[in-house]
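See below for the structure under consideration.
The values are calculated or read from the model by the stated rules, or taken from the named source; none is laboratory data. On a predicted model such as this, the values are computed, not experimentally measured, just so you know. Every residue, glycine among them, receives a Cβ derived from its backbone with ideal geometry; neighbour counts consider all protein chains shown. What goes into the accessible areas is simple: the full protein's heavy atoms, side chains included, and nothing from ligands, DNA or RNA. Shrake-Rupley method; radii C 1.70, N 1.55, O 1.52, S 1.80 Å.
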Amino acid sequence: MGSLYAELARQASTNARREVETYAREIPEFRFLDTDPRARAETMEYSVWLRRRTIELSPDNSELSADDLGYIAAIGEVRAGAGMSSDSRQRVLRVHTALMLRDIHEATESRRGGDVEELMRVMTWFAPQGDRGIVAYRRGFVTVLRRRLPYVEQVALLARSLLTGDPLAADLAPALDLELPEFCAVTVIRVPDRPAGERELDNEIETLVKAHRVPVVWCPEGGTRGGELIAVTPGADEELRPSPAPVADLVRDFAEALGRPCAAGTATAPLAELPDALERARRISKAAPLGKPSPRLRPHTMADVFVELAVADVPFVDTWLHSVARRLAPGPDLVVTLDAYYGHDMNRGAAAAALNVHPRTLDYRLRRVRELTGIDPASAHGVRTLSAVVRRRLSGAWG
């Protein structure tokens with residue numbers, strides 16, 4: 001065994017102790033190691049074992065055996081069984097990887113650079129075998145989660161993993177018999193604060209999950225009884241308008257079960273970019289108008305609300321639009337009328353039918369808009385300005 005391996009072997013216990021101390025210091029869920037000698041000894045034993053297997057296998061580039069991977073998976077099971085969160089699991093893996101690389105770097109430096117060939121052998125072994133070990137650890141972690149968590153909570157964990165880029169999703173999805181497509185649509189359904197007497201949404205969400213079989217998670221808004229229902233469904237490789245049918249069906253089903261107005265935004269992205277898609281979908285849902293449950297309710301895309309999104313970032317423009325909205329207050333029902341008019345591509349007959357009024361009544365209301373604002377709803381200027389006013393008003397942005 002060369003000098004680098006000899007140095008790694010000499011420092012194995014010291015480096016393992018440093019790793020255990022780092023866990024206890026930096027990861028809150030591991031602070032029990034300071035008061036539980038048995039757990040600390042077991043963690044130390046595992047940390048030393050990993051270092052010794054690295055020293056034993058890397059010189060010949062030998063793979064971790066089935067028994068090795070089984071032991072690593074068993075450690076994942078133990079930690080999941082102790083209640084470790086997915087976030088802490090990720091931090092443990094990052095800390096372990098960083099400290100193992102530090103061990104190698106320090107051993108190399110202590111030998112004044114050491115043998116380059118030995119260093120290359122260690123690094124060539126470490127990357128693929130480290131990946132195999134992480135996969136085994138996650139597999140053990142998921143095995144326990146499947147036993148401990150109800151189905152709906154497992155689905156919610158999958159959704160959170162996808163939306164945060166947690167690799168756990170790759171192991172959890174097949175365990176739930178769910179496929180992860182190459183491209184996904186992230187949909188955020190915004191639910192305003194609900195009255196205190198209304199029931200919780202647990203049953204509705206469980207029904208939705210079982211009916212649609214897609215990752216769904218409810219994210220309550222702090223201090224309120226509102227929040228966001230976030231779903232990840234198969235999507236396309238571009239932002240679509242209108243939204244794919246499965247997304248629209250999910251939004252309508254949830255709105256019907258909710259029985260209250262809500263707003264939905266959706267954005268598509270490759271699987272690896274879902275955290276960015278979530279941010280876009282969330283912003284779209286905040287700009288989208290609140291809609292009552294109906295067969296026409298659908299999630300909005302960037303194409304629907306790009307003007308409103310831009311306006312929201314320019315306060316003086318938003319203030320001006322709000323002043324236009326206040327001029328429409330005398331009514332009657334002018335904001336709703338404009339919403340129907342633009343929603344039906346300014347087709348008078350279709351808009352009047354949707355409002356359940358005579359076309360002449362629609363014409364009267366449009367003239368009233370022109371009188372109050374000085375803007376013709378049918379002009380290019382009117383479409384740009386008044387459609388933005390309507391969206392901002394119906395989104396609840398102005399209260």
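Among the residues of the stretch 172-180, is there at least one that is over 18 Å from residue 80 (Cβ atoms), within 15 Å of the chain's Cα centre (by Cα) and open to solvent by 20 Å² or more (accessible area, probe 1.4 Å)? Yes. Of all positions in the stretch 104-119, none carries a residue that is under 30 Å from residue 219 (Cβ atoms) and not basic (Lys, Arg).
The set of residues in the stretch 22-38 that are in a helix (DSSP H, G or I), loosely packed, with under 15 Cβ neighbours inside 10 Å and free of Cβ contacts under 8 Å to residues at least 24 places away in the same chain comprises 25, 31, 32, 34, 37, 38. None of 170, 175 is touching a Lys or Arg at 6+ places or on another chain (Cβ under 6 Å) and within 24 Å of residue 90 (Cβ to Cβ) except 175. Screening residue 202 with (1) surrounded by fewer than 17 Cβ atoms within 10 Å (Cβ to Cβ); (2) more than 20 Å from the chain's Cα centre (by Cα); (3) of a type in the set (D, E, K, R) gives one miss only, at (2).
Go through the stretch 336-394 and give me each residue that's on the phi > 0 side of the Ramachandran plot and charged (D, E, K, R).
Taking the stretch 336-394 first, the residues on the phi > 0 side of the Ramachandran plot are 345-346, 356, 374.
Answer for the stretch 336-394, where residues must be on the phi > 0 side of the Ramachandran plot and charged (D, E, K, R): just 345.
Output the residues belonging to the stretch 368-389 that are more than 16 Å from residue 336 (Cβ to Cβ) and either open to solvent by 40 Å² or more (accessible area, probe 1.4 Å) or polar (S, T, N, Q) (or both). Of everything in the stretch 368-389, those that are more than 16 Å from residue 336 (Cβ to Cβ) and either open to solvent by 40 Å² or more (accessible area, probe 1.4 Å) or polar (S, T, N, Q) (or both) turn out to be 370, 371, 374, 376, 378, 379, 380, 381, 383, 384, 385.
The number of residues in the stretch 301-316 that are over 12 Å from residue 390 (Cα atoms), among the aliphatic types (A, V, I, L, M), out of contact with any strand residue (DSSP E or B) (no Cβ under 9 Å at 6 or more places or on another chain) and open to solvent by 40 Å² or more (accessible area, probe 1.4 Å) comes to 4.
Only one residue in 100, 44, 123, 84 is of a type outside the set (Val, Ile, Thr), under 17 Å from residue 27 (Cβ atoms) and free of Cβ contacts under 8 Å to residues at least 40 places away in the same chain, so which one is that? Lay out the reasoning, then the answer.
On the way: 100 fails: free of Cβ contacts under 8 Å to residues at least 40 places away in the same chain; 123 fails: under 17 Å from residue 27 (Cβ atoms); 84 fails: free of Cβ contacts under 8 Å to residues at least 40 places away in the same chain.
On inspection, the qualifying residue turns out to be 44.
Within the stretch 144-163, the set of residues being in contact with a helix residue (DSSP H, G or I) (Cβ under 6 Å, 6 or more places away or on another chain) and hydroxyl-bearing (Ser, Thr, Tyr) comprises 161 only. Can you tell me which residue is nearest to residue 46 (Cα to Cα) among those in the stretch 109-143 that are open to solvent by less than 70 Å² (accessible area, probe 1.4 Å) and of a type in the set (D, E, K, R)? Here the answer is 138.
If we keep just the residues of the stretch 73-108 that are among the charged types (D, E, K, R) and open to solvent by 40 Å² or more (accessible area, probe 1.4 Å), which is nearest to residue 46 (Cα to Cα)?
Going residue by residue through the stretch 73-108, those that are among the charged types (D, E, K, R) are 77, 79, 87, 89, 91, 94, 102-103, 106.
Next, from what is left, pick out any that are open to solvent by 40 Å² or more (accessible area, probe 1.4 Å): 77, 87, 91, 94, 102, 106.
Values: 77: 14, 87: 21, 91: 17, 94: 16, 102: 18, 106: 21 Å.
Checking each candidate, the answer is 77.
If the condition is being surrounded by fewer than 19 Cβ atoms within 10 Å (Cβ to Cβ) and touching a strand residue (DSSP E or B) at 6+ places or on another chain (Cβ under 6 Å), then the stretch 246-260 contributes only 246.
Scanning the stretch 310-352 for residues that are assigned to a loop (DSSP other than H, G, I, E, B) and more than 20 Å from residue 283 (Cα to Cα) turns up 328, 329, 330, 331, 332, 333, 344, 345, 346, 347. Within the option set 345, 339, being acidic (Asp, Glu) and surrounded by 13 or more Cβ atoms within 10 Å (Cβ to Cβ) holds for one residue only, 339. Among residues of the stretch 325-351 that are within 12 Å of residue 369 (Cα to Cα), those with a beta-carbon under 8 Å from a residue that is of a type in the set (S, T, N, Q) at least six positions away or on a different chain give the pairs 327/373; 328/373; 338/387. Contact annotation: residue pairs with Cβ atoms under 6 Å, 6 or more positions apart or on different chains, pairing a residue in the stretch 266-295 that is farther than 24 Å from residue 169 by Cα with a partner that is surrounded by fewer than 24 Cβ atoms within 10 Å (Cβ to Cβ) and among the acidic types (Asp, Glu), are 293/256.
Of the residues making up the stretch 51-68, just one is among the aliphatic types (A, V, I, L, M) and open to solvent by 30 Å² or more (accessible area, probe 1.4 Å), namely 66.
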